[in-house]
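Structure first, commentary second.
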Amino acid sequence: MTGVLVIDDDDRIRLSLTLALQDEGYTVRAAATAEEGIAEQRRRPAETVLVDLMLPGIDGYECIRELRRNDGVPIVVVSARDDTHDIVAALEAGADDYLVKPVAVKELTARLRALRRRSRTALTPVPGLSFGDLEVVPEAGEVRLGGNPVAVTRTEFRLLCELAYHAGRVLSRQQLLERVWDYTVGDERLVDVHVGRLRQKIEEDPAAPRHLVTVRGLGYRLQR
Amino acid sequence: MRRAGLRARVTAGFTVGALILSAMMALVSYQLTRNALLDERERTAVRAAYLEATVVRARLRTERPDIVEILRSLDTGQTRRAVLWRDGLWYARNADAGTTEAIPELLQRAARAGRPAIQRVRTQGQPALVIGVPLAGTTVFYHVDYLDELEHTLQVLGLVLTLVAMVTAAAGAGIGWYSTRYTMRPLTLVTSAAQEIAKGDLGARLDPATEPDLAQLTTSFNEMVNQLARRIERDRRFAADVSHELRSPLQTLAAAASVLGRRRNHLDDPSATAAGLVADEVTRFQRLVNDLLELARTDRPADRGPVDVVNLARQVCRSRRLPETLLEQGDLDDRVWVVDRRRLEQVLVNLIDNAGRHGGGACAVRLGQSAGLYYVEVDDEGPGVAPDDKQVIFDRFVRGRTASTRGDSEGTGLGLAIVAQHTAAHGGRVAVLDRPGGGARFRVELPVEPR
């Protein structure tokens, strides 16, 4: 399944993106509103969703939250907005990646490939890793906290695995961007917001993390 | 020399004022008290002298009077001496030997001439009052009153008054300091509000209720901030709208150009060339829009965070396909700088791209630290920058001389202007220098301690 769902209210962008992505071998469906896109995704789930932020009716952020509520489908924001505030808000709503318009088609397909690789490499056969009450089971694609499964997205899971493989060592934001997102040069806010989201799920007190700690100026470390 | 602060000046004024006032008061009271005491003492002494003179005169009338015995009979007390001059001879009690030296010549002459006289003298370091009362014929009675006790009293009084003057001056300084703190409080509030606003908090306002006397200031201040906030908000919205309106069609163009590019082989030559032109121009236009929007955001403060700059520079070199060996570290104690990562990255990228376009490629990228500032230097071995261009090169749409001749289509002419803007956002500065050995050296300096 290589389906992409494009949610954008601009007819020309929908059409040109559909044509360009079809050229690259993707099955593309398009929706002009968030409501339409959410319904479409519910009926026939696409592998990846591209979503604009400025949409009539339900806005992009709400759309991301709604899509996230149901499953861990990779969501990439493609927006003309490049304010830190907008980017962080979209990532916090649950987006896996953020691209500012205009995106070159080559760049877009590279992001889509990286997302797909992410979901596959998550299944590297490594025995379960446990850190106190936190358990990461790469084979099963599961995270447990005190024995109870925690729902994480694929990107979050991949990020946690990366940190778990190197538990006790500091991984820089740049290393994480390369290993999780396949960026050579990327936006470190991606890492920060995803770490924040992970903390919400695995830390008792996300403001004072015990597992996933920040090493000032260097990066992040998962405590053994 | 820097002019002293308002508060220091007001306090100094209070101190000097209090000092002058209290010194004058002390001086006047001292003089008045001194004169009163001296006058009183003089009157007492004169009365005593005449009384004694009367007694002496009466006893002298007896036959063959024993003058020393007469003098001895006088009750002169501790500080007074009585001396008699008769027919060129001095008579004094044994204990009063030497008293005659205290009596000045002038006074003696006046008394011998039959005129009573009084004079204040200083004898053997002691102040004294000498009174001469002529008796009958060639006899003069002298009364000498030593004033050292009075002088001691006056010294104590002077000391006390000096102390009082000093304490008053200190109290004046204290009142000045305190009252300026109180009166300067509204100014302090305005200052801190202005600082908040300068830092980017446009919500800061003054409360007009706290200082009724300064209501006009607070009102105009708040009105000014409101206008500023409205203007910034309008600019921000405009930039956001422009951003959206320019980027959306560019997205369509980019995707459509990609579709065309994929079919390039199926197009005839002119169409393929045209498709290539469209694709190139879309890329360039995209860069131009990004740079313009970046420059439009002058109001944004630097979003600081700890950044491993060596890593960052390494990544930028890699992304620009430059060998990491270009990277040099000069005196770098701390490779983690508290800066806006995105901006610093863009500074590096733009300087390196600039060197690539106009200087034949960067030959060194240097990160270092000296005297309270971080610096970034990018060297090239190109023709360098003419002295006349060293300032304007950081202006918008100014391209190097070589660019126009080469028909350069890569640069937007905004790269160095963005470098200057990002540097300014950090409170730093950028300059272009001559590289030793030829070529240009762009140097960006950022203060270590954010202001």
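Every number here is computed from the coordinates shown, using simple stated rules; none is lab data. Quick caveat: nothing in here was measured; it's all calculated off a predicted structure. A quick note on method: Cβ atoms are made from the backbone with ideal geometry, for glycine too, and the neighbour counts reach across all protein chains shown.
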Check your understanding: When the Karplus curve 6.51 cos²θ - 1.76 cosθ + 1.60 is applied with θ = phi - 60°, which whole-Hz ³J(HN,Hα) does each residue of the stretch B:232-245 get, with x for Gly and Pro?
Key -> 4, 5, 5, 4, 5, 5, 4, 4, 5, 5, 4, 4, 5, 5
Practice item. Please work out the C-alpha center-to-center distance from the stretch B:296-332 to the stretch B:39-93 and express it in whole Å. Key: 107 Å
Check your understanding: What angle, in degrees between 0 and 90 and rounded to the nearest 10, separates the Cα long axis of helix B:148-198 from the longest principal axis of the Cα atoms of chain B?
Key -> 20 degrees
Practice item. Counting residues in the protein assembly as shown as N, plug N into 2.2 N^0.38 Å and put the Cα Rg over that result. Key: 1.84
Check your understanding: At what distance in nm do the modelled label points of B:Thr123 and B:Arg284 sit from each other, each positioned 7 Å from its Cα along Cα→Cβ?
Key -> 11.6 nm
**Study point:** Theoretical gain in end-to-end length, B:Arg47 to B:Glu449 [0.36 nm per residue, Cα-Cα removed]
**Key:** 136.3 nm
Study note, to complete from the structure: Residues whose modelled amide H sits under 5 Å from the amide H of B:Ala364, counting only those 5 or more places away in sequence or on another chain, are B:Asp379
Study note, to complete from the structure: Two pseudo-spin positions, 7 Å from Cα along C-beta at A:Ala167 and at B:Val160, lie apart in nanometres by 8.6 nm
Revision key, fill the gap. Contour minus Cα-Cα span, B:His152 to B:Ala229, at 0.36 nm per residue, comes to 20.3 nm
Check your understanding: About the Cα centre of the protein assembly as shown, what is the dipole size in debye to 20, counting +1 per Lys and Arg Cβ and -1 per Asp and Glu Cβ, all else neutral?
Key -> 1720 debye
Exercise for review: Work from the charge dipole of the stretch B:212-296 (Cβ charges, +1 for Lys and Arg, -1 for Asp and Glu, about the Cα centre) and give the residue of B:Val242, B:Gln286, B:Ser258 farthest towards its positive end.
Suggested key: B:Ser258
Revision key, fill the gap. When the charge dipole of chain B is computed with +1 on Lys and Arg Cβ and -1 on Asp and Glu Cβ about the Cα centre, the Cα farthest towards its positive end, among B:Leu228, B:Trp90, B:Ser22, belongs to B:Trp90
Review point. Near the amide H of A:Ile7, under 5 Å away, which other amide H atoms are found, from residues 5 or more places off or on another chain, if H is placed in the peptide plane?
Key: A:Ala31, A:Leu50, A:Val51, A:Asp52
Practice item. Assuming R0 = 41 Å, can you tell me the calculated FRET efficiency for the pair B:Asp389 and B:Arg264, based on Cβ-Cβ distance, to the nearest 0.05? Key: 0.55
Point to revise | Extent along principal axes [Cα atoms of the stretch B:6-153; Å; largest to smallest] | key: 86, 28, 24
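Determine, from the Cβ-Cβ distance of B:Ile20 and B:Gln195 and an R0 of 35 Å, the FRET efficiency 1/(1 + (r/R0)^6), rounded to the nearest 0.05.
In this case the efficiency is close to 0.35.
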Point to revise | Net charge dipole size for the stretch B:185-343 [Lys, Arg +1 and Asp, Glu -1 on Cβ; Debye, nearest 20] | key: 640 debye
Exercise for review: Using R₀ = 25 Å, calculate the FRET efficiency as 1/(1 + (r/R₀)^6) where r is the Cβ-Cβ separation of B:Thr100 and B:Thr62; round to 0.05.
Suggested key: 0.55
Point to revise | Gained length - B:Ala274 relative to B:Arg9, 0.36 nm times residue gap less alpha-carbon distance | key: 87.9 nm
**Study point:** Relative contact order computed over chain B (Cα-Cα under 8 Å; 6+ residues apart), in percent
**Key:** 11 percent
Review point. Which part of the stretch B:351-368 falls in the paramagnetic zone of B:Thr325, meaning amide N under 15 Å from the point 7 Å along Cα-to-beta-carbon?
Key: B:363-365
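With an 8 Å Cα cut-off and a minimum separation of 6 or more residues, compute the relative contact order for the stretch A:71-110 in percent. Mind showing how you got there, number by number?
On the way: 36 pairs, mean separation 18.8, N = 40.
Answer for the stretch A:71-110 is 47 percent.
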Check your understanding: What list of ³J(HN,Hα) couplings, whole Hz, do you get for the stretch B:432-444 from phi and the Karplus terms 6.51, -1.76, 1.60, once you set θ to phi - 60° and write x for glycine and proline?
Key -> 10, 10, 8, 6, x, x, x, x, 10, 10, 8, 10, 10
**Study point:** Placed amide H near A:Leu134: partners under 5 Å, 5+ positions off or other chain
**Key:** A:Gly146
Point to revise | For chain B, average projected area of the Cα convex hull in nm² | key: 42.4 nm²
Check your understanding: What size of dipole, in debye to the nearest 20, comes out for the stretch B:6-153 about its Cα centre when the only charges are +1 on Lys and Arg C-beta atoms and -1 on Asp and Glu C-beta atoms?
Key -> 380 debye
Study note, to complete from the structure: Placing each pseudo-label 7 Å from Cα in the direction of the beta carbon, A:Glu62 and B:Thr219 end up separated by a distance in nanometres of 4.3 nm
Practice item. Per residue of A:179-190, count partner chain C-beta atoms within 10 Å of its C-beta, then hand back the mean as an integer. Key: 2
Review point. What stretch of chain B, leaving out the sites themselves, is the longest with no GluC sites (Glu not before Pro) in a DSSP loop having at most 15 other Cβ atoms within 10 Å?
Key: B:64-409
Review point. Projected onto the charge dipole of the protein assembly as shown (+1 at Lys/Arg Cβ, -1 at Asp/Glu Cβ, origin at the Cα centre), which of A:Gln175, B:Phe397, B:Phe141 gives the Cα projection farthest towards the positive end?
Key: B:Phe141
